[in-house]
Amino acid sequence: MSINPDLQGRSYPAAEVYDVGREKIREFAKAVKAANPAHFDVEAAKALGHSDLVAPPTFAIIVAQRAEAQLVEDPESGIDFSRVVHADQRFTHHRAIVAGDQLVAELHVDGVRAMGGGAMITTRSEISTVAGEKVATTTSSILVRGEGQ
């Protein structure tokens, strides 16, 4: 099945809420070797002016990938995840992610470009709190390899 070029311009609504917890932040920070005490110690985070533990900047990928799953799982997309190669990921932060946040992400398909037998798909996840406060924007590009590639 080939990639549906009509995906470009499509949006997927914010779905499930992601509750940001202290232990999730600590585990992620440890996994990515982020050493800032504000990721582990509430008092260190508060000394920097935050209400609770601060997530490392790349923590936003957890919420973004949940939104991107809607696209990959959409039967109209034509995406075979076993053929996906992650090409690029960028983050724009509007404010820090902190423990206690309840986050949602709306996914936008900004580009679909044929490349040989495959396609490059660029998406944008707009991450916000359930109250509507913008938190981060992530942009991702994936290459879906064609048959025989």
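The values are calculated or read from the model by the stated rules, or taken from the named source; none is laboratory data. In this text the structure is predicted, and so the values were computed from the model without any measurement. Ideal geometry is used to build each Cβ from the backbone, glycine not excepted, and the neighbour counts take in all protein chains shown. When the accessible area is computed, the model is the full protein with side chains, heavy atoms only, and any ligands, DNA or RNA have been set aside. Shrake-Rupley method; radii C 1.70, N 1.55, O 1.52, S 1.80 Å.
Structure above, values below:
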read-out	value
Complete set of residues in segment 88-136 that are among the hydroxyl-bearing types (Ser, Thr, Tyr) and closer than 22 Å to Leu71 by Cβ	Thr92, Thr122, Thr123, Ser125, Ser128
Selection count, segment 70-80, where residues are open to solvent by 30 Å² or more (accessible area, probe 1.4 Å) and either of a type in the set (A, V, I, L, M, F, W, C) or in contact with a His (Cβ under 9 Å, 6 or more places away or on another chain) (or both)	1
Unmet criterion (only one of (1) farther than 16 Å from Gly100 by Cα; (2) open to solvent by less than 70 Å² (accessible area, probe 1.4 Å); (3) in contact with a helix residue (DSSP H, G or I) (Cβ under 9 Å, 6 or more places away or on another chain)) for Ala47	(2)
Complete set of residues in segment 1-13 that are farther than 14 Å from Asp110 by Cβ and open to solvent by less than 50 Å² (accessible area, probe 1.4 Å)	Ile3, Asn4
Out of Arg113, Arg90, Arg124, sole residue that is without any contact (Cβ under 8 Å) to a residue 12 or more places away in the chain and assigned to a strand (DSSP E or B)	Arg113
Hits in segment 107-137 - residues which are among the hydrophobic types (A, V, I, L, M, F, W, C) and either open to solvent by less than 20 Å² (accessible area, probe 1.4 Å) or touching a Cys at 6+ places or on another chain (Cβ under 7 Å) (or both)	Leu107, Val109, Ala119, Ile121, Ile127, Val135, Ala136
Only listed residue being at pLDDT 95 or above and among the small types (Gly, Ala, Ser), chosen from Ala69, Ala119, Ala114, Ala55	Ala55
Hey, Gly146 in contact with a strand residue (DSSP E or B) (Cβ under 6 Å, 6 or more places away or on another chain), in a strand (DSSP E or B) and open to solvent by less than 20 Å² (accessible area, probe 1.4 Å) or not	no
Among the residues listed as Val63, Val54, Val104, the single one being in contact with a Phe, Trp or Tyr (Cβ under 6 Å, 6 or more places away or on another chain), touching a residue at least 24 places away in the same chain (Cβ under 8 Å) and open to solvent by less than 30 Å² (accessible area, probe 1.4 Å)	Val63
